[in-house]
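The values are calculated or read from the model by the stated rules, or taken from the named source; none is laboratory data. Computed from a prediction, not measured in an experiment: that's the story for all the values here. When we count neighbours, we look across all protein chains shown, and the Cβ atoms used for this are built from the backbone with ideal geometry, even at glycine.
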Amino acid sequence: MFLVLFIILYDVALFDACFPTIAPDEYYPTATLPEYTTPIATTEMVTEKASISTTEMITSKITTEEMMEETTVGVVKKCDQCKTADIKTRVYTNEESLTFEEMPLEDGCKRTRLTCKREGVSTCRIVDALLEPYDPIVYETLPSLGDERYSTSFSTVLSCDDDGTYSGLETWITGGTKVKIEGIYCHFDQCE
C-alpha cells in the first residue's frame with residue numbers, strides 16, 4: 001500500500017514539473033492600458049451641406065441592348081467558318097458517293113447536308129453514315145448519324161458550332177446526342 005501511494009505522489013510531482021506556471025506578477029500583457037496612453041489631438045472638421053436639386057441631377061438611360069453589348073466581351077463565334085474539307089471522308093467503291101451541300105445560314109451559322117448514295121443497286125437494307133475515329137471505350141458499337149432502311153441513299157444535316165467545327169446528332173447509340181464530326185464514312189449493308 002505504501003508503495004502505491006509513493007508511486008502516485010511521485011507521478012504527480014513529475015507531472016507538475018512538466019507544466020511550469022507563471023505567477024500573476026510576472027505576466028506582462030502586450031497592450032497598454034488607457035490610463036498610460038497620451039490623448040490624440042483632434043481638430044474640428046467643417047462640412048458643408050451639398051445642395052443639389054433634382055433638376056441638376058444627371059440621369060442616364062441605358063437600354064438592355066446597350067448593356068448586353070457592354071457585357072458580352074471576348075466571345076468570338078466561329079460558327080460561320082466551318083469547312084467540309086476538314087472532315088475526313090472515305091468511300092470504298094466507285095458506286096458509292098459521300099457529298100456535302102451547303103445550306104442557308106441559320107442564326108448566322110453554317111449548315112451542310114451530308115448525303116451518302118450508292119449507284120448501280122436497286123436497294124440496300126441499311127444505308128448509314130458512321131463516325132470516325134471509332135473509340136471502343138466510348139462506344140460499344142459504331143456511332144452513327146442515322147440510317148435509312150431499304151434505300152440507296154441517306155441524308156442528314158450537320159451544323160457548325162461556335163468553335164468552328166461541324167457536329168451532328170449521333171442516333172444509333174445515344175439516341176440524339178450532339179457529337180463533333182472528325183471523320184465520316186458511308187456504310188451500305190446488304191445491297192442488291
- [ ] Mind telling me which of the residues R118, R125, R149, R111 ends up being of a type in the set (K, R), within 15 Å of K83 (Cα to Cα), out of contact with any Gly (no Cβ under 6 Å at 6 or more places or on another chain) and modelled with pLDDT of 90 or more?
- [x] R111
TODO: Would you check if there is a residue in segment 159-170 being within 28 Å of the chain's Cα centre (by Cα), buried (at least 19 other Cβ atoms within 10 Å of the Cβ) and modelled with pLDDT under 85?
DONE: yes
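Being in a strand (DSSP E or B) and either more than 15 Å from R90 (Cβ to Cβ) or more than 33 Å from the chain's Cα centre (by Cα) (or both) is the filter here, so list the residues in segment 116-130 that pass it.
Of everything in segment 116-130, those that are in a strand (DSSP E or B) and either more than 15 Å from R90 (Cβ to Cβ) or more than 33 Å from the chain's Cα centre (by Cα) (or both) turn out to be C116, K117, R118, C124, R125, I126, V127.
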- [ ] Working only within segment 94-120, note down all residues that are touching a strand residue (DSSP E or B) at 6+ places or on another chain (Cβ under 8 Å), in contact (Cβ under 8 Å) with a residue 24 or more places away in the chain and loosely packed, with under 12 Cβ neighbours inside 10 Å.
- [x] E119
Open item on the list: Quick check on segment 175-192: of everything there that is in contact (Cβ under 8 Å) with a residue 40 or more places away in the chain and farther than 18 Å from R90 by Cβ, which residue is surrounded by the fewest Cβ atoms within 10 Å (Cβ to Cβ)?
Closed with: E192
Open item on the list: So, G146, is that one small (G, A, S) and either closer than 18 Å to E102 by Cβ or surrounded by 14 or more Cβ atoms within 10 Å (Cβ to Cβ) (or both) or not?
Closed with: yes
